[in-house]
Every structure is written in structure tokens, then in C-alpha cells.
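Contents: one structure, followed by commentary.
The values are calculated or read from the model by the stated rules, or taken from the named source; none is laboratory data. All of these numbers come straight from a predicted model, not from anything done at the bench. Ideal geometry is used to build each Cβ from the backbone, glycine not excepted, and the neighbour counts take in all protein chains shown. Calculation scope for accessible area: heavy atoms of the full protein, side chains included, ligands and nucleic acids excluded. Shrake-Rupley method; radii C 1.70, N 1.55, O 1.52, S 1.80 Å.
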Amino acid sequence: MKKSSLLIGAVSLSLCVVSPLSAQTGAQKDAPTTNAPAATVQPPATVPKDAATLYADAAGYAEQKFAEFKRNKVPYNALLEAQVNEQQRALAMQHAAQLVARGPLQGTDNYYLGLLYILAGQSETGMPSLRRFLTEPSDTNKEFLQHARLVIGTQAASVRRFAEAEAMLVAYAQAQPQTPLELFRLHNALSNGYYQDKQLEPAAAHAATAYALVKDPQVKLGDAALRAKLIGNTGIALVQFKLKQKHEAEATALLAELLQLGLTLPSAHVYDDALDLLVAQGHADAAGQAFAASATSATYAPEIDGITDWIDHEPTTLAALRGQVVLLDFWATWCGPCRLTMPKLKTLHERFKDKGLVVIGITQLYGRVRNAPLTPGEELGYLRQFKQEMRLPYGFAVDPDGANELRYGVRSIPTAVLIDRKGHLRFITVGASEISDDALSKAIKQLLAEQ
């Protein structure tokens, strides 16, 4: 399923969506939900005493549990994730009750009490404590004051208390320390809040500011994958605002910019979302125009790093493949649409291999096949057998943790990435369809013709 911060699209039958074990842990991307039984999770029996440790204990609970599940190779299960999150909320509520029982609180105790209530899902109960923390005379760490403004601002925006949210944004922007990501969160929260309140003009204004923040290459966000996600979500939301305001030309220009950003970041999901909307707006040749423009604006494709095993292909790098056209196909054995594309990739390989095309199928170890757990060695054996049964002549690269998917912004599979002879990323297709297959074949021919 494709999502933006404000918009939810329909499920496509021509692709598979890869989902993380937990968004909270940043764990590796995994196969679809299994029917594995939920593990039993109990909150810790011992309880720390000071407010800071009480909050840290509750805030880190889910992350610790998900890390434990990952170490123990517990398959992803939506019920298990919901159970852990509910227990985290219960633990936060228990710790908040302990703080309240101590009597009137002052200083940072109010700060941590407010955060505990919000973690427990009781934001309206926690907001007064954070407001008291901000208004009390204090020599508190300025980071705490800024974080309190951030939390109050985002929470106030979510319940449409716009005057308070705007005031917190101004106060945060005028103080230090501050980060571009937190400023983005405040603008994004206000944009979402105004949108829910059907106030398009302020919603679009905050979305534009948020988009400008995250797309600025000089702004440090610390994570290329996060930057791409924020650019995509905020950019698409801003496009929707432009369309609702009847600013079609501005929306089209923004989509064209997002399409190019998808190639240069790179991010397959930014590219795909922008292309879908451009086609829906009647710009059927948008991908062709972006491909033509990439001849002068393309950037080097990220190296494929961390590959632990190669199947029917000598270990290599993109740098070593300079001078050839490289097609990276991101896929998984459990993805039906991926299987549909494989005969077509086989045809492309056989037709163009002598002219300089190299096809590499990139997959990862999921620890199971059809819900049956497998060791890494067993899964590699299964991949070799799968390749033989499908009669695929091109090689596989096995990524143990999906890091290369993150580098290329792959959210849905199959995703094909096309790299020219100079090592520049020039073309992306997502999903399985005759249109995308024809476009990929045409792009390969053009790149092979380039010198």
C-alpha cells in the first residue's frame, strides 16, 4: 500500500509491498504478515524510582522487545506488535501514576510526567504538565524546553488548537537548540491539522515550508532514507493541496521535480508516486521525459554493498561494471508479481547480454519460506533451487538485511533500476505491467546505444 502523510492510495495487484518488522526499531524489511502465534510479553517487574529513569524505562520498552524478537528470529506478526505497543502504553501509565502519587511536582518531574502520559496515549492528560514545565522559572536544560515546545505544538495541532500550535512553532524557531527535522515535524503537524479542518491555505503554506526544509541538500537529516521518505510524503501532499486549489500547473511542475528527485536521491517510491500522479493527470510520457532529462542531470547509483552471497554470478560491484548497462531487479520468492516479471527479464538478458547488458536480481534472506523457518544455508539452497526451476540465466545477489533496498528507496517489489555505462541511475520501474515492461525495454536499447 502506498501512503503519503495525508493521502492513502489503493493497493496495487501488480506489486508486493515490503513491510518492516517494526517502524519503531528500524528493523529489516520483511515478508508479509504471517499467522505465527503471538509471543507472551510481560512488563518488567522492577520499577526505577526517579522520573527520568521511569520515562526511559517506558519509552525503551517496545524497542527492546522488538530487538529481542529480531535476535530470536520471531516472524513478524501484527497481533504481536499491537500487544507490545499496548503493554508499553500500560507501563507508561503505571509509571505516570507513581509520579502523581508523590504529590505536587516541579521542574523536570512535570516534563517527564507529561511525556509519560503522552506515551500512554493520554495526551490531553499530559499537556497541562508540559505547560507547567514551560511556565515555571527554571534553569533546565534548553533541550528539554525545546522538546516540550515540540510535543505541545504537534499535539495541539492534532486536536486543532492552532493558536497554541503556532505559538509553540514560533517559540521553538526563536530558541536553541533546534533541528531541521523537529521544525519539519511542527510544520507537518500544522499542515495535517489544518487539512483535517478543511483550511487549505494554511495547510498548503506549512506543507510548502516543510517540503523546502527536507529537500534542501544543505539541511542535515542524518539519514538518506528518511530524507527520501519525508520528501515523498510532503511533496505528494503539497501536490494534492495544489490540485484542490486548482493550481494545476504548479502541481504538475512539482510532480516533475519529484520525479527527478526520485532518480537523483535515489528513491524508487518517490519516483513511482510522482509518476502515478503525473499519468493520472494526463502526462502519459512523463517517464520518457524524465529519462531524457536524466542524460544531463543523473547522479551515480549507490554501490550495492554488503552482499554476502552470489548465486551464478561472480562477486562484483557497480564500479567494476562501469562500461556496461546494469539492470538491478529487487524481488522476493514470495512476491507473485516478481515471478511474472522474471521471464521478461530472462528475455532481456538473452537478447542484450552480448551488447553490454548485465542483469542482477537482488533479494534478501527472510528466514522462512511459506511460513516455514529456514537457516541461512537452507534458504540459500532454496534460492538456488528456485532459480533453476525458473530457468533464469542471470545471477542473484543476496542481501542479508535489505540495506540495498533502503539505499534505493524500494518500498514495493518488483522494482527495476537501470544504470548506464557511466554508473548513473537513469530509469526506474515499479510493479509488473506491459507498459512498464515496454518502457524498460526501450530504455535499455537507448542506454546500450549511448557511448
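Computed values, structure above
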{"item": "Tally of residues being open to solvent by 20 Å² or more (accessible area, probe 1.4 Å) and in contact with a Lys or Arg (Cβ under 8 Å, 6 or more places away or on another chain) across the stretch 335-365", "result": "1"}
{"item": "Selection count where residues are over 15 Å from L425 (Cβ atoms) and either at pLDDT below 95 or among the small types (G, A, S) (or both), scope the stretch 436-451", "result": "7"}
{"item": "The stretch 166-206, residues that are open to solvent by less than 30 Å² (accessible area, probe 1.4 Å) and outside any helix (DSSP H, G or I)", "result": "A175"}
{"item": "Near pairs, Cβ below 7 angstrom, 6+ apart or cross-chain, from the stretch 157-168 (under 11 Å from L186 (Cβ atoms)) to any residue that is of a type in the set (D, E, K, R) and open to solvent by less than 80 Å² (accessible area, probe 1.4 Å)", "result": "M168/R149"}
{"item": "All helices (runs of 4 or more DSSP H) inside the stretch 51-112 with 2 or more residues being within 30 Å of the chain's Cα centre (by Cα) and within 20 Å of M127 (Cβ to Cβ)", "result": "51-59, 78-100"}
{"item": "Neighbours by Cβ (under 8 Å, 6+ apart or cross-chain): first from the stretch 179-206, more than 24 Å from K220 (Cα to Cα) and of a type in the set (D, E); second modelled with pLDDT under 95 and surrounded by 17 or more Cβ atoms within 10 Å (Cβ to Cβ)", "result": "none"}
{"item": "Residue satisfying condition, being at pLDDT below 80, open to solvent by less than 40 Å² (accessible area, probe 1.4 Å) and touching a Phe, Trp or Tyr at 6+ places or on another chain (Cβ under 9 Å), within set A92, A31", "result": "A31"}
{"item": "Among the residues listed as K246, K242, the single one being closer than 28 Å to E201 by Cβ, outside any helix (DSSP H, G or I) and at pLDDT 95 or above", "result": "K246"}
{"item": "Residue in the stretch 113-127 that is surrounded by the most Cβ atoms within 10 Å (Cβ to Cβ), counting only those that are among the hydroxyl-bearing types (S, T, Y) and within 29 Å of the chain's Cα centre (by Cα)", "result": "Y117"}
{"item": "Pick from the stretch 68-80, criterion open to solvent by 40 Å² or more (accessible area, probe 1.4 Å) and either of a type in the set (K, R) or in contact (Cβ under 8 Å) with a residue 40 or more places away in the chain (or both), ranking: farthest from Y366 (Cα to Cα)", "result": "L79"}
{"item": "Residue in the stretch 189-208 that is within 26 Å of A293 (Cβ to Cβ) and touching a helix residue (DSSP H, G or I) at 6+ places or on another chain (Cβ under 9 Å) present", "result": "yes"}
{"item": "Some residue of the stretch 318-332 being without any contact (Cβ under 8 Å) to a residue 12 or more places away in the chain and either hydrophobic (A, V, I, L, M, F, W, C) or open to solvent by 10 Å² or more (accessible area, probe 1.4 Å) (or both)", "result": "yes"}
{"item": "Enumeration of residues in the stretch 292-317 that are open to solvent by less than 20 Å² (accessible area, probe 1.4 Å) and at pLDDT 95 or above", "result": "A301, I304, I311"}
{"item": "Every residue from the stretch 425-445 that is open to solvent by 40 Å² or more (accessible area, probe 1.4 Å) and among the small types (G, A, S)", "result": "S433"}
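Let's see how each residue does on (1) closer than 23 Å to L440 by Cα; (2) within 21 Å of the chain's Cα centre (by Cα); (3) in contact (Cβ under 8 Å) with a residue 40 or more places away in the chain; (4) in a loop (DSSP other than H, G, I, E, B):
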residue: A225; (1), (2), (3), (4): no, yes, yes, no
residue: G235; (1), (2), (3), (4): no, yes, no, no
residue: H269; (1), (2), (3), (4): yes, yes, yes, no
residue: D272; (1), (2), (3), (4): yes, yes, yes, no
residue: A293; (1), (2), (3), (4): yes, no, no, no
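For every residue, the table says whether it meets (1) more than 28 Å from the chain's Cα centre (by Cα); (2) closer than 27 Å to D223 by Cα; (3) at pLDDT 95 or above.
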| position | (1), (2), (3) |
| --- | --- |
| R384 | yes, no, yes |
| Q388 | yes, no, yes |
| L392 | yes, no, yes |
| G395 | no, no, yes |
| V398 | no, yes, yes |
| D401 | no, yes, no |
| N404 | no, yes, yes |
| T429 | no, yes, yes |
